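Down below is the structure, laid out as structure tokens.
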Amino acid sequence: MLIRRAVFTWVFLSVAVGVLHAQSLDLLIRGGRVIDPRNEINAVLDVGIADGKVVEVVEQIQESRAKTVVDASGLIVTPGLIDLHAHVFFGTEPNAYLSNSFTAVPPDGFTFRVGVTTVVDTGGAGWRNFIQFKEQVIDRSQTRVLAMLNIVGSGMKGGPVEQNVDDMNPELTAQRAQEFSEIVVGIKVAHYRGEDFGPVDHAVTAGGLANVPVMVDFGTHEPELSLEALLLRHLRPGDIYTHTYMNVNGRLPIVDSDGMLKPFVSNARARGIVFDVGHGGGSFLFSQAIPAMSQGFPPDTVSTDLHTGSMNGGMKDMLNVMSKFLNMGMSIQDVVERSTWNPAQTINRDDLGHLSIGAVADVAVLRERDGEFGFVDVAGGKLIGDRKFEAELTVRAGQIVWDLNGLSRVNWDMMSPR
């Protein structure tokens, strides 16, 4: 009986393996340099996709098995990029800043063309208007849109609205986050100009109740509130400090006037604080980033702080921000990790940011261009670099959503007449 069972098991597994290798593929991305930090992959491999999932990552897959074949020779194949800090609660409400107004942007117009498949809207909506954000943007976007709820119930409407401590309700914020736990991945506190840590503490309370991290865009105040106290006493391990390389009046920078990294910043990282780029239109200086990088303090996550005030300035887009760090000495593998797997882990979405078998087929195919390129910070300072990323192809849930040079297409004269 045991022998018969063993034979049956061997036959079953053999058939299953045979079926797997015979499986037809919707898309084959062939011959690219696959960089998948979660799975410690950095090699030339083929990626097979079927039914919206990654089904094979191996040295060679027969082209005849695939409906569409993309030749990625000489290109970089990564998980779909995750922009951890963006503002996509686009709407038409006057004077509402990043909460259902004109300063936010519709996501699909700014994501796929740069390899981004997931964005996190950080604080555009609070518990009061999250449903509107969901119905108006999240449900209507092909981009995967996740959210960090603002601790202010009305969201990031700017001005006095964001200073209203009476509208910072940790319990109701956490309740909304738990109600939509598949979308809400954090709590955001931003722009508070008061002389205390009350809003930060409210956000941390909400984060604890909902079991999600908190992202802090530390407000400005004269004299400056203690950055050391924020990082070492008020935030928890796993919470996120964004605009890491910022230097504005009323907020202490991480690098002092002598170009030295403040020691408590490294201590904060050691206790688990996540340091995010959050480039934006006013939140990234080479005079902060380059000394920090030279002293062993790169960002944990790369993000854009995308909105109309940053998209046409020094920030531009996700790949431009990634390219800055590439030209400041970060390896391609590390840049990719900080734009895929690290942000996925930060928001507790281990289903994203990798190309494991069975994972959703979100993929970016990038070209590393050589030449002479200029990169600009928010003060107008320029860094000359010789490498730059460009998105050739983007796949979202198995569907090609961006194809810069027609890699997935056939030449026109090879097509049947119509």
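Here's how it looks for Ser101: its modeled amide H is under 5 Å from those of Gly91, Glu93, which are all 5 or more places away or on a different chain. Couplings 3J(HN,Hα) for region 389-399, derived from phi with the Karplus relation 6.51 cos²θ - 1.76 cosθ + 1.60 (θ = phi - 60°), are 8, 9, 8, 8, 8, 10, 10, 10, 6, x, 9 Hz, where x marks Gly and Pro. If R0 is 41 Å, the Cβ-Cβ spacing of Asp350 and Arg418 corresponds to a FRET efficiency of close to 0.35.
Given a Förster distance of 51 Å, report the FRET efficiency between Arg65 and Ser257 from their Cβ-Cβ distance, rounded to the nearest 0.05. Before the final figure, lay out the partial values.
Details: r = 61 Å, r/R0 = 1.19.
Taking R0 as 51 Å, the efficiency between Arg65 and Ser257 is 0.25.
Each stretch of four or more DSSP H residues adds -39500 (n - 2.57); spread over every residue of the chain, this sum gives -6500 deg cm²/dmol at 222 nm. A 1.4 Å probe run over the chain, with the rest of the protein chains in place, finds 43 Å² accessible per residue. Exceeding 32 Å between C-alpha atoms, which entries from my cross-link table qualify? They are Lys134/Lys382; Lys53/Lys382; Lys188/Lys324. In this structure, Lys134/Lys382; Lys53/Lys382 exceed 32 Å between Cα atoms. For region 160-205, carbon and sulfur atoms together expose 48% of the accessible surface, with a 1.4 angstrom probe and every protein chain in place. Under a model in which nothing but the beta-carbon of Lys, Arg (+1) and Asp, Glu (-1) is charged, the chain shows a dipole of about 820 debye around its Cα centre.
Summing Cβ point charges (Lys, Arg +1; Asp, Glu -1) relative to the Cα centre of region 26-174 gives a dipole of roughly 220 debye. Straight Cα distances below 18 angstrom link Lys316 to the aspartates and glutamates Asp83, Asp108, Asp121, Asp276, Asp305, Glu368, Glu372, Asp377, Asp386, Glu390, Glu392, with same-chain residues fewer than 8 positions distant left out. What is the distance in Å between the Cα centroid of region 192-213 and that of region 336-351? First find each Cα centre; the distance between them is then 23 Å. Select one label from (1) 56; (2) 71; (3) 44: the one whose number is percent of Cα pairs over 30 Å apart as derived from the coordinates shown. Checking each listed value against the structure points to (3).
Model label points for Leu232 and Asn95, set 7 angstrom from Cα along the Cα-to-Cβ axis, are 4.3 nm apart.
Counted residue by residue at 0.36 nm each, then reduced by the alpha carbon distance between them, the extension gain from Asn211 to Asn267 reaches 17.8 nm.
Please give the peptides 197-203, 96-102, 328-334 ranked by average Cβ packing (other Cβ atoms within 10 Å per residue), highest first, as a rough proxy for protection. Provide the component values of the computation, followed by the final result.
Details: 197-203: 21.6, 96-102: 23.7, 328-334: 15.7.
Listed from highest to lowest mean packing, they are 96-102, 197-203, 328-334.
Taking other residues whose beta carbon is less than 12 angstrom from the beta carbon of Gln345, and scoring Lys, Arg as +1 and Asp, Glu as -1, yields -1. Counted as membrane-span-like here are DSSP H helices of the chain whose alpha-carbon atoms extend 24 Å or more along the helix's own axis and whose Kyte-Doolittle mean is 1.0 or above; these are 2-22. For the pair region 102-147 / region 291-309, the C-alpha centres are spaced 21 Å from each other.
Estimated at 0.36 nm per residue, the fully extended path between Asn164 and Gln295 surpasses their Cα-Cα distance by 43.3 nm. In this structure the amide hydrogen of Ser303, modeled in the peptide plane, comes within under 5 Å of the amide hydrogens of Val277, Gly278, His279, none closer than 5 places in sequence on its chain. Applying the Karplus relation 6.51 cos²θ - 1.76 cosθ + 1.60 with θ = phi - 60° to region 363-370 yields 3J(HN,Hα) values of 9, 10, 10, 10, 10, 9, 8, 9 Hz, where x marks Gly and Pro.
Would you work out which of Met156, Val54, Val88 lies farthest towards the positive end of the dipole of the chain, given +1 charges on the beta-carbon of Lys and Arg and -1 on that of Asp and Glu, about the Cα centre? With unit charges placed on the Cβ atoms, the residue in question is Val54. Each Lys or Arg adds one and each Asp or Glu takes one away; over the other residues whose Cβ falls under 9 Å from the Cβ of Arg387, this sums to -1.
Distance between the 7 Å Cα→Cβ label points at Asn327 and Arg369: 1.1 nm.
Residues whose amide H lies under 5 Å from that of Leu27, counting only those 5 or more places away or on a different chain, are Ile49, Lys67, Thr68; hydrogens are built 1.01 Å from N in the peptide plane. The calculated FRET efficiency for the pair Arg193 and Arg140, based on their C-beta separation and a Förster distance of 35 Å, comes to about 0.55.
The values are calculated or read from the model by the stated rules, or taken from the named source; none is laboratory data. Remember, it's a predicted structure, so these values are computed and weren't measured experimentally. Virtual Cβ from ideal backbone geometry, glycine too; neighbours counted across all protein chains shown. The area values use the complete protein model at the heavy-atom level, side chains included, leaving out ligands, DNA and RNA. Shrake-Rupley method; radii C 1.70, N 1.55, O 1.52, S 1.80 Å.
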